[in-house]
Amino acid sequence: MNHSYSRRHFLRTMSVGVTGAGFTARAGRRLVAFPGSDGEKPAILGGAPAKNTPFPSWPVIQENDEKGWMEVLRSKDWCRASGGHYATRFEETWAQTLGAKYCVATSCGTMALYASLNALGIGPGDEVILPPYTFVATLNVILMQHALPVFVDSDRESLQIDARKIESKITSRTRCIMPVHLGGNPVDLDVILPLAKKHNLPVLEDACQAHTGAWRNRRVSTLGDLGCFSFQASKNLNSGEGGAILTSDPALHEFCKSFQNQGRGTTEASFGYARQGANLRMTEFQAALLLQQLTRLEEQSHVREQNAAYLTGLLREIPGIAPARMYEGTTRNGYHLYMFRYDKNQFSGLPRARFLDALEKEGIPCAGGYTPLNKEPFLKATLQSRAYRELYAERDIAEWEERNPCPENDKLCEEAVWFFQEMLLGPRQDMDQIAEAIRKIQKHAGELLRA
Ligand SMILES: Cc1ncc(COP(=O)(O)O)c(C=O)c1O
């Protein structure tokens, strides 16, 4: 089974796991623990699963969501450009929540990043620094600008960009540093921000997975020049699709606001064009849902943080399991993902794929995370495309590969394991069951290897 991250795969796994065990998700169902099941056979070998009830489902839908949705429906103002006001309200609320001066809502996180790179004037011939361990959108938006992506290797301990390696990748063509707070875990901004200042480079924070992440008590997305969020279905703040740009710079704000509305000037519905743009507008339905989901974000985030801290305590006790390190300046981890590294040597050499299969059979959904983005065949094809060959010297393209090895990230992609944010929303007992499942697999790893 391919355990690289796929949300669809995860959802399928959840429902197969749940119905396969003969249970359906019912609110209020009491969790049943199997005392002493550490010693029992792993479920993949026919034993009882460590967890036989589902984790909380996502998204959470309550009456206020329905009310917000129906308000928009009945108002008939479904588009912000023709009378709607929910997108504007969401922008004001989200900016205030994070402590930024401005927010511009967009149709999705990819478009938030796209608008931001345009606002920074990134284009052909420019180099943009990014991590290799991220969702493909971070890379795609750089390629959309026909700029050159420059990968900085991962810090395997944190699963984030290795900030100490950024400076050696800066050249006279570098125009932007684009760190990603992957899984909600903030990057080392104590290194990145002064470095960007020293080289006079803007920082575009990809905070698409980090809705409540904070660095020294300031929310991520507000520390760089621009910060972007995604509100896609899996995210901790969710409207199916959606995105936002945060900035405190009036000129960047003005650009993004105009750009997402076909380059129009300040009057949203007018035909006064200030610049080239596109339609990246958030719908009123998305904004109304976000305003309602936002009422639960804090409470949910605290539950995730508490469960994650408890789980980390349990997993640290298991040889071969290394929960993602948080840098010293992290005052809050947004926990979109709970990430750790798996060392098969502590599990009798059991390959990660087999470990993941065994975990799923124990009733614990999981994934193996990303594959190395810097080695993507589509990326090489793009760099060989007509546009890139027109824009870059042959030598630039030829040398690109040797400039972009990420050996630490290659290892990381083979050892990472992810759990998903909704798994942290249940009772503490769920965390005990996760740890119990892993201990059980470890104890029987030799048998599993031979089976
Ligand atoms: C790190 C990162 N960047 C960008 C995006 C793109 O966001 P969207 O899917 O809303 O376009 C995502 C979404 O998953 C993401 O995880």
Q: Answer yes or no as to whether Glu328 is open to solvent by 30 Å² or more (accessible area, probe 1.4 Å), assigned to a loop (DSSP other than H, G, I, E, B) and at pLDDT 95 or above.
A: yes
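Got at least one residue in the stretch 153-163 being on the phi < 0 side of the Ramachandran plot, among the small types (Gly, Ala, Ser), more than 16 Å from the ligand (Cβ to nearest atom) and surrounded by fewer than 21 Cβ atoms within 10 Å (Cβ to Cβ)?
no
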Q. Taking the stretch 424-433 as the region of interest, how many residues are open to solvent by less than 10 Å² (accessible area, probe 1.4 Å) and out of contact with any strand residue (DSSP E or B) (no Cβ under 7 Å at 6 or more places or on another chain)?
A. 3
Q | Qualifying positions in the stretch 225-249 - open to solvent by 10 Å² or more (accessible area, probe 1.4 Å) and closer than 20 Å to Ala196 by Cα | A | Asp225, Ser248, Asp249
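This table checks each residue for (1) over 20 Å from the mean Cα position of the chain (by Cα); (2) open to solvent by 70 Å² or more (accessible area, probe 1.4 Å); (3) within 24 Å of Asp65 (Cβ to Cβ); (4) modelled with pLDDT of 95 or more.
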| position | (1), (2), (3), (4) |
| --- | --- |
| Thr266 | yes, yes, no, no |
| Gly272 | yes, no, no, no |
| Gln276 | yes, yes, no, yes |
| Thr283 | yes, no, yes, yes |
| Ala288 | yes, no, yes, yes |
| Leu294 | no, no, yes, yes |
| Gln300 | no, no, yes, yes |
Q) Counting just the residues of the stretch 102-122 that are away from the ligand (no atom under 12 Å from the Cβ) and in a loop (DSSP other than H, G, I, E, B), which one comes out least open to solvent (accessible area, probe 1.4 Å)? A) Ile122
Q. Give me the pairs: first residue in the stretch 221-235 and more than 14 Å from Leu280 (Cβ to Cβ), second residue within 12 Å of the ligand (Cβ to nearest atom) and among the basic types (Lys, Arg), beta-carbon distance under 7 Å, and six or more apart or on different chains, which are they?
A. Ser234/Arg7
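If a residue must be within 16 Å of the ligand (Cβ to nearest atom) and either open to solvent by less than 10 Å² (accessible area, probe 1.4 Å) or of a type in the set (Phe, Trp, Tyr) (or both), how many such residues does the stretch 123-136 contain?
First, pick out the residues of the stretch 123-136 that are within 16 Å of the ligand (Cβ to nearest atom): 128-136.
Then drop every residue that is not either open to solvent by less than 10 Å² (accessible area, probe 1.4 Å) or of a type in the set (Phe, Trp, Tyr) (or both), which leaves 128-135.
Looking only at that region, the number is 8.
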**Q.** Elements of type strands (runs of 3 or more DSSP E) in the stretch 186-258, at least 2 residues being farther than 18 Å from Thr93 by Cβ and touching a Pro at 6+ places or on another chain (Cβ under 9 Å)
**A.** 204-206
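Just need a number here: residues in the stretch 227-258 that are more than 16 Å from the ligand (Cβ to nearest atom) and out of contact with any Asp or Glu (no Cβ under 8 Å at 6 or more places or on another chain).
Qualifying residue count for the region: 8.
The values are calculated or read from the model by the stated rules, or taken from the named source; none is laboratory data. In this text, all values refer to a predicted model and were calculated from it rather than measured experimentally. Cβ sites come from the backbone with ideal geometry, for glycine too, and all protein chains shown count toward neighbours. Areas reflect the complete protein model, heavy atoms only, side chains present, ligands, DNA and RNA absent. Shrake-Rupley method; radii C 1.70, N 1.55, O 1.52, S 1.80 Å.
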